[in-house]
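Chemist: Provided herewith is a single structure, encoded as structure tokens, for subsequent inquiry.
The values are calculated or read from the model by the stated rules, or taken from the named source; none is laboratory data. Only a predicted model underlies this, so the values are computations on that prediction, with no experimental measurement involved. Counting neighbours? That spans all protein chains shown, and the Cβs are built from the backbone with ideal geometry, glycine included.
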Amino acid sequence: MPFVTQGADIQENPYEANRVRTFIVTPKDMYYDEETFEGWEDFTYPAKVEDMRSMMKDLFPDVEPEVVPYTPLPDHAGHLNTPRGKILFQYDPEHTTLPQQFQARGQTADCVVPVAAARLFVMDNPVPVYADIW
């Protein structure tokens, strides 16, 4: 079953009609200026993030990659015992069903249409950074 929004024009913009999304999940670092007492965040690997963004734009020209930063654990921390630094992508092709009426050849028919869902969780945040149903 294609992941197409009802009424979408596949020929005009296949990426939007098919709901294509791209994500770059990357670590961030915290910096602190001892003179001004100001802090800021930046990607740990900014050049790599830009390389990946460029590659994704080459593959999917009409889709802007969403960058999702996270704070990494220190090297000495137990990485396997915590959700930090991990992602979960959840896809459910039959999340729910919706009743719909279709008309064809002068006839009306009631049927049930499956609705898919997807969510992206990063680290221990119980709120997904991305969620969609279609």
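Chemist: Go through region 21-35 and give me each residue that's out of contact with any helix residue (DSSP H, G or I) (no Cβ under 8 Å at 6 or more places or on another chain) and either among the charged types (D, E, K, R) or modelled with pLDDT of 75 or more (or both).
Modeler: Just the residues of region 21-35 that are out of contact with any helix residue (DSSP H, G or I) (no Cβ under 8 Å at 6 or more places or on another chain), to begin with: 21, 23, 25, 27-35.
Correct list: 21, 23, 25, 27, 28, 29, 33, 34, 35.
Chemist: Among the residues of region 91-134, how many are aliphatic (A, V, I, L, M), within 30 Å of residue 26 (Cβ to Cβ) and free of Cβ contacts under 8 Å to residues at least 12 places away in the same chain?
Modeler: So the answer is 1.
Chemist: Taking the condition in a strand (DSSP E or B) and modelled with pLDDT of 75 or more, does residue 42 pass? If you could, list the steps in order and put the result at the bottom.
Modeler: Numbers: in a strand (DSSP E or B): yes; modelled with pLDDT of 75 or more: yes.
Judged against the criteria, residue 42 is a match.
Chemist: In addition: So for region 52-61 (the condition being more than 21 Å from residue 126 (Cα to Cα), aromatic (Phe, Trp, Tyr), assigned to a loop (DSSP other than H, G, I, E, B) and modelled with pLDDT of 70 or more), does at least one residue qualify?
Modeler: Step one: filter region 52-61 for residues more than 21 Å from residue 126 (Cα to Cα), giving 52-61.
Right, trim to aromatic (Phe, Trp, Tyr) and you get 60.
This time we only want the ones that are assigned to a loop (DSSP other than H, G, I, E, B), so: 60.
Of the ones still in play, those that are also modelled with pLDDT of 70 or more are 60.
Checked region 52-61: at least one residue is more than 21 Å from residue 126 (Cα to Cα), aromatic (Phe, Trp, Tyr), assigned to a loop (DSSP other than H, G, I, E, B) and modelled with pLDDT of 70 or more.
Chemist: What are the residues in region 79-134 that are among the charged types (D, E, K, R) and over 24 Å from residue 67 (Cα atoms), if any? Don't jump to the end; show me each part of the working.
Modeler: Taking region 79-134 first, the residues among the charged types (D, E, K, R) are 84, 86, 92, 94, 105, 110, 119, 124, 132.
Listed by number, the residues that qualify are 94, 105, 110.
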